[in-house]
Number of protein chains: 2
Amino acid sequence: MKQNPLAATLRQSGYKATHARLAILAYFKKHPRPLSARQIVEGIGTEVDQATVYRTIRSLKGKNIIRQVDLRHNHAHYEFASLGEHHHLVCTRCGKVEDVHRCNMETMRREVLAESKHFADISQHSLEFYGTCKACAQKESSRSREETRIR
Amino acid sequence: MKQNPLAATLRQSGYKATHARLAILAYFKKHPRPLSARQIVEGIGTEVDQATVYRTIRSLKGKNIIRQVDLRHNHAHYEFASLGEHHHLVCTRCGKVEDVHRCNMETMRREVLAESKHFADISQHSLEFYGTCKACAQKESSRSREETRIR
DNA sequence: AATTATTTGCAAATAATTCGCATTAAGAAT
DNA sequence: ATTCTTAATGCGAATTATTTGCAAATAATT
């Protein structure tokens, strides 16, 4: 009964290994990028209700099994935490997301805590970069070239 | 007519210096911390409609007059961009926000762009730290002491 | 003062997230 | 294996967050 590693993860955190939670975690595992609640609900299909998806996300977030990511899309995204620390580069035109590794934030985190007046600990951080992907930059420049030609 | 510097800022960016926009910018200036759309609507009172607040935020964001901040509160926050680059330390219990200065991200930003396969430029970034403020840590520890005593 | 293109307010729509409650099912106990 | 207990789920409705359409208002221009 304990052969499923996702179930083991859940039980170790004090949760029942329910069908819904296993389906959600499996979905995260299969899609290793920032996912919105809607994407998960639709991706999993009818087997899990959206209220359950939101509730599950919330509790798993509390145990650091998944983590929240902000892409500035007016809704939250979430990622499987076991992907390890990494950050994101987000295209503000088309929404493309590229992972960013090797930003070591450990030192900075320590320094920030040491300099803080009011905080006792720092458990997480988010670091995302926003810009323009090459494809969008290309479109943009060809569009403005056209405008120039017309005038 | 050009004596108001906020009006000048708006006109320089190609906007009309309307009552609504001036009120919104003045509110940002007077409250230099991350503000939600709701806080702005309620803070300004009846003089500006919420649709206008959202529309104004969106367009000013596009011109980097205000910038978006994510505190993981399920709604966006915004800050006057002229506050200069800084980041935030957010308490995950009570929501307290402390500003964080002197994280110089310029080098990191350049490196990230240099290592990126698909991006042409990076125009912004967000960096927030999440943890527990001293007040909440205090409450937490006294609460768990009580629990221990009771058992 | 008249003109024109923006911008706004209002009301209604849509998107995102949460809640209440009766029912179900996971894991523990028997 | 069956029963028990409580956490967890589904469903529907409620809230919260954000956007939109359109007629009326207004800033900047002439």
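Here are the numbers:
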quantity: Residues of type lysines that B:Lys29 reaches as a straight line, Cα spacing below 16 Å, ignoring anything fewer than 8 places off in the same chain; calculated: B:Lys61
quantity: Nitroxide proxy distance, nm - points 7 Å out along Cα→Cβ at A:Asn74 and B:His101; calculated: 3.6
quantity: Cβ charges +1 (Lys, Arg) and -1 (Asp, Glu), total dipole of segment B:86-151, debye; calculated: 520
quantity: Chain B: relative contact order in percent, alpha carbon pairs under 8 Å with at least 6 residues between; calculated: 16
quantity: Where trypsin sites (Lys or Arg not before Pro) fall in DSSP loop in segment A:29-90, at most 14 other Cβ within 10 Å; calculated: A:Lys63
quantity: Computed [θ] at 222 nm, deg cm²/dmol, chain A (DSSP H ≥ 4; -39,500 (n - 2.57); rounded to nearest 500); calculated: -14000 deg cm²/dmol
quantity: DSSP bridge pairs, the protein assembly as shown: antiparallel proportion in percent, nearest 5; calculated: 80
quantity: Three-way shape call for chain B based on the alpha-carbon gyration tensor, with the a/c threshold at 1.5; calculated: oblate
quantity: Unit charges on C-beta of K, R, D, E only; dipole of the protein assembly as shown, Debye; calculated: 360
quantity: Global geometry of segment A:1-84, whether rounded, prolate or oblate, following the gyration tensor of its Cα atoms and the 1.5 cut on a/c; calculated: prolate
quantity: Neighbour cut-off at most 15 other Cβ (10 Å), DSSP loop, GluC sites (Glu not before Pro), segment B:50-151; calculated: B:Glu85
quantity: Relative contact order %, segment B:1-84, counting alpha carbon pairs below 8 Å whose residues are six or more apart; calculated: 27
quantity: Inter-copy spacing of A:His73 label points, which lie 7 Å from Cα along Cα→Cβ, given in nm from shortest upward; calculated: 2.3
quantity: Relative contact order for segment A:84-141, counting Cα pairs under 8 Å that sit 6 or more residues apart, in percent; calculated: 44
quantity: Long-range HN-HN contacts of B:His125 with modeled amide H, under 5 Å; calculated: A:Tyr130
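Only the coordinates and a few stated rules stand behind these numbers; no lab work does. Quantities reported herein were computed from a predicted structural model and do not represent experimental measurements. Glycine gets a Cβ as well: all are built from the backbone with ideal geometry, and neighbour counts include every protein chain shown.
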